[in-house]
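Here's the structure we're looking at; comments come further down.
The values are calculated or read from the model by the stated rules, or taken from the named source; none is laboratory data. Values in this document were obtained by computation on a predicted structure and should not be read as measured data. For neighbour counting, all protein chains shown are included, and Cβ atoms are generated from backbone atoms with ideal geometry for every residue, glycine included. Surface accessibility is based on the protein's heavy atoms, side chains included, excluding ligands, DNA and RNA. Shrake-Rupley method; radii C 1.70, N 1.55, O 1.52, S 1.80 Å.
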Amino acid sequence: MEEGIKLSNKEKRCLQYLEEHGSIDSDQARQDLGDARLSETIFQLRNKGYKIKMLHMDAVNRYSEPTWYG
């Protein structure tokens, strides 16, 4: 973690999780970190200068239609 940047406990936990596991999704954030709003946490971290990549993943939804998530 970078020096001098004020982080909430939630942001610290998210960064630590990313360092240990390499990635995180909304379900993991909810279950492992108690963070129901991962996208907001990532948004705040990016605004504080952290470089966090998003991978574009193709999938098929419950209606057998192509979709993507990331």
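Taking the longest Cα principal axis of the chain as reference, the axis of helix 38-47 is set at about 50 degrees. Within the shell defined by Cβ-Cβ distances under 11 Å, the residues around residue 32 carry a net charge of -2, with Lys and Arg each +1 and Asp and Glu each -1. When the charge dipole of the chain is built from unit charges on Cβ atoms (+1 for Lys and Arg, -1 for Asp and Glu) and taken about the Cα centre, the candidate among 50, 4, 38 whose Cα reaches farthest toward its positive end is 4. Rounded to the nearest 20, the Cβ-based charge dipole of region 31-70 about its Cα centre (Lys and Arg +1, Asp and Glu -1) stands at 240 debye. What is the percent carbon and sulfur in the accessible area of the chain, measuring with a 1.4 Å probe over the protein chains and ignoring ligands? Whole-percent figure for carbon plus sulfur exposure: 48.
Of the GluC sites (Glu not before Pro) in the chain, the ones in a loop by DSSP (not H, G, I, E or B) with at most 11 other beta carbons within 10 Å are 2, 3. In the list [x] 3, 15, 26, 22, 15, 10, 6, 3, 1, 0; [y] 3, 13, 13, 14, 19, 18, 11, 7, 3, 0; [z] 3, 17, 26, 23, 19, 9, 2, 0, the label attached to P(r) over Cα pairs in 5 Å bins from 0, in percent as derived from the coordinates here is [x].
Dividing the summed -39500 (n - 2.57) terms of all DSSP H runs of n ≥ 4 by the residue count of the chain sets its mean residue ellipticity at 222 nm at -10000 deg cm²/dmol.
Accessible surface area normalised per residue over the chain is 81 Å², counting heavy atoms of protein chains with a 1.4 Å rolling probe. Dipole magnitude for the chain: computed about the Cα centre from +1 point charges on Lys and Arg Cβ and -1 point charges on Asp and Glu Cβ, it is near 260 debye. Measure nothing fancy, just the Cα-based angle from helix 9-21's long axis to the longest principal axis of the chain, in degrees from 0 to 90, nearest 10. Compared with the principal axis, the helix lies near 60 degrees. Applying the criteria of a DSSP loop state and at most 16 other Cβ atoms within 10 Å to the trypsin sites (Lys or Arg not before Pro) of region 1-63 yields 6, 37, 48, 51, 53, 62.
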